[in-house]
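Here is the structure we will look at, set down as structure tokens.
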Amino acid sequence: MIKKQKLTMKQYFVSIARVGATSFRLSPGAGVIQLIDSIVQALLPIATTYFAALTTTALAGAYAGNAEAARHVFMYVAITSAISVVMLLWSSVSRYVSQKTRYVIDAAVEDKMRIHFGSLPFEMYDDKEVIDLQEKARRFSYVFSNVFNTIGTMIVSVVGAVGSLVALVFVNAWLALAVTVAIIPGIVLQLQLARQQARHWEGNITNRRRKGNIGWMLSESRNMAELRIYGVFKHLMKTYAKLRDQDEKERLDFELKTIWKQAVADIGEALVELGALLWIVLQIIDRSQPVGQFLFVQQMASRAMGQASSLARQLGQADEDLANLVDYQRFMDIAVEELKPEKIHHAPQRIEIDHVSFQYPKTNITVLDDVSLAIDAGQHIAIVGENGAGKSTLVKLIMGLYTPTRGRVIVDGRSLKDVSVESWHKYIAMLGQEFISYYFATIDENITLGDVSRGPDQARVSAAMKQAEFSDIAGKLEHGGATYIERWMAKDNDEASATELSGGQYQRLALARNFYRDSPVVILDEPTSAIDALAESRIFKRLFADKNKTIITISHRLSTVEKADVIYMFEQGKIVERGAHEELVSRKGAYYRMFESQLH
């Protein structure tokens, strides 16, 4: 079980160091300037206040008729103005550096995380704990540069607060100590609140994911018909609002519990600042301190407290974000799929399933039980059976997405677990029940994504459309294959540049992508469930006519299954019958009973 733990101080500072090191590695120049920027931002206001205090003292002297003090006034004003100009110029540089740093760091961290996710063993995608961790890691990857900027702001606050306290020491050490003691409670309270919020986030991730999914469903136009006809829209709105309000209420409750404590801490700071001002006023009246020291003490005490309060908020934010960094690092530490040096270099001549049994990770349910079969090049087989019989699981094993619990999947005499799965996938075209529609792309682009190893080939696109019976659909569109398949992708003032496809049309488009790939092994798992039976029959007739392709299909439609050379009937993870269509029908066994209604 993957759990987030409260960060120890060691983990806290190690995490800060890791963010800093990663940021400097990704953008060294920007990192150095960010550090310099933090120090400059912290010290320049102290310098400005110092010369402003000297100006005030000199003004008082000039007002009293002191000619030398009058000369000093103009010098101090000039220095103060020069510092202000430097601050403005530096601010412009700082904004550019901050934007560049944010882009470089966020892009690199997000890319690294996505590449890692795409390199995990396939079984990890069915592991809820891994997916939860990936969600937390993704959340952190979006704000990595924010954490880096927060660390920079923390440096500003630390240097600013410490610098202000050191400046007060030169006025009076006891005064500096009193201000230091006053700011500690606020920092402690902010950290406590941040940790409560982090625990709240961690404990509500499932409900938050549910809320997000409901929100997406309520925002999709294609869902409106069913939601409104079934009267589900209002029900889901209530559920969404309940989850949202519950989440926010718990967060606000944390805030409410700390209000009075924060108020006490704020009052304490105000009293200390008041005491400091009364003390310096008495010192000035007694002529023990110059007039300008009132401004200096007021600004330094206020700045020390303000920077400490800012630091507390930043520590709280960083505490939560750095805890997420631990999750990010845990996710990045998950072992990726092992790269096998041995590769498949040619179209397979024989695929064997050798006494294969399989259980999904973290379950004791046997999905496949001692299954054996062989598929020769150019052979067309069909796998049939009731839902849950293990058909789709077998296909996943053949594709190398999973490793058998027992037994082997063998390609031309070599076990799949010993060869590069990526090299095997080059020879496979697959269309499953849950296919992808690339809504951001045009019709042609959706098809050419079936084979990105070669550049777009319009002749192949046209041939693939024809095989999938999509040519007529594209031909009726003003922009043809250049039409986007989602309305929201329409170009300005050109509604015809995008269209909305039906379920069957989306499936035909996915099938065209499969044909465009033109692989020697074709795997189809209920690929035409949304296509009418006559069109499906024509498509499969053309597909099965190609004796150069090895075809593995799963279907509940007799018109598709009966064309196969060999049919395997599955029940409860086992092959109970095998043979050609006529042979299995004549036996009047499990296959006959399953398709009996379609035989007459």
### Query
If you scan segment 405-425, which residues turn out to be surrounded by fewer than 17 Cβ atoms within 10 Å (Cβ to Cβ) and either part of a loop (DSSP other than H, G, I, E, B) or of a type in the set (A, V, I, L, M, F, W, C) (or both)?
T405, D412, G413
### Query
Which number in (1) out of contact with any helix residue (DSSP H, G or I) (no Cβ under 7 Å at 6 or more places or on another chain); (2) modelled with pLDDT of 85 or more; (3) surrounded by 16 or more Cβ atoms within 10 Å (Cβ to Cβ) marks the one condition that E202 misses?
(2)
### Message
If I ask for residues that are touching a residue at least 40 places away in the same chain (Cβ under 8 Å) and either in a strand (DSSP E or B) or of a type in the set (V, I, T) (or both), which ones from segment 373-385 would you list?
### Response
L373, I375, D376, H380, I381, A382, I383, V384, G385
### Condition broken by T403, with the remaining ones in (1) farther than 18 Å from P121 by Cα; (2) among the polar types (S, T, N, Q); (3) touching a helix residue (DSSP H, G or I) at 6+ places or on another chain (Cβ under 8 Å) satisfied
(1)
### Message
For segment 570-593, check the following and say yes or no: at least one residue is crowded, with 22+ Cβ neighbours inside 10 Å, more than 43 Å from the chain's Cα centre (by Cα), assigned to a helix (DSSP H, G or I) and touching a residue at least 60 places away in the same chain (Cβ under 8 Å).
### Response
yes
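Which residue is farthest from E269 (Cα to Cα), if the candidates are limited to segment 299-339 and must be among the charged types (D, E, K, R), outside any helix (DSSP H, G or I) and modelled with pLDDT under 85?
Narrowing segment 299-339 to residues among the charged types (D, E, K, R): 303, 313, 319-321, 327, 330, 333, 337-338.
Checking which are outside any helix (DSSP H, G or I) leaves us with 333, 337-338.
From what's left, modelled with pLDDT under 85: 337-338.
Values: E337: 56, E338: 58 Å.
Restricting to residues being among the charged types (D, E, K, R), outside any helix (DSSP H, G or I) and modelled with pLDDT under 85, the top hit is E338.
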### Message
Considering only residues that are of a type in the set (V, I, T) and buried (at least 16 other Cβ atoms within 10 Å of the Cβ), which ones fall in segment 361-404?
### Response
T366, V367, V371, I375, I381, I383, V384, T393, V395, I398, T403
### Query
If you take the residues of segment 150-181 that are closer than 13 Å to M305 by Cβ and either hydroxyl-bearing (S, T, Y) or not assigned by TED's automatic domain parsing to the domain that holds D266 (or both), which of them is surrounded by the fewest Cβ atoms within 10 Å (Cβ to Cβ)?
T180
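Sort out which residues of segment 510-525 are more than 28 Å from the chain's Cα centre (by Cα) and part of a helix (DSSP H, G or I), and write them in order of number.
Correct list: L511, A512, N514, F515, Y516, R517.
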### Query
Which residue pairs have Cβ atoms closer than 6 Å, lie 6 or more positions apart in sequence or on different chains, and pair a first residue in segment 321-348 that is closer than 15 Å to V411 by Cα and assigned by TED's automatic domain parsing to the domain that holds I398 with a second residue that is part of a loop (DSSP other than H, G, I, E, B) and among the charged types (D, E, K, R)?
P348/D412
### Query
Considering only segment 507-554, how many residues are crowded, with 22+ Cβ neighbours inside 10 Å, touching a Ser or Thr at 6+ places or on another chain (Cβ under 8 Å) and among the hydroxyl-bearing types (S, T, Y)?
3
### Task
Would you confirm whether any residue within segment 49-63 is loosely packed, with under 15 Cβ neighbours inside 10 Å and at pLDDT below 85?
yes
### Query
Quick one: which of V85, V104 is under 30 Å from A301 (Cβ atoms) and of a type in the set (V, I, T)?
V85
### Message
Consider segment 232-252. How many of its residues are within 26 Å of the chain's Cα centre (by Cα) and surrounded by 12 or more Cβ atoms within 10 Å (Cβ to Cβ)?
### Response
12
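The values are calculated or read from the model by the stated rules, or taken from the named source; none is laboratory data. From a predicted model like this one, the values you see are computed outputs, not experimental measurements. So basically every Cβ, Gly included, is an ideal-geometry build from the backbone, and we count neighbours across all protein chains shown.
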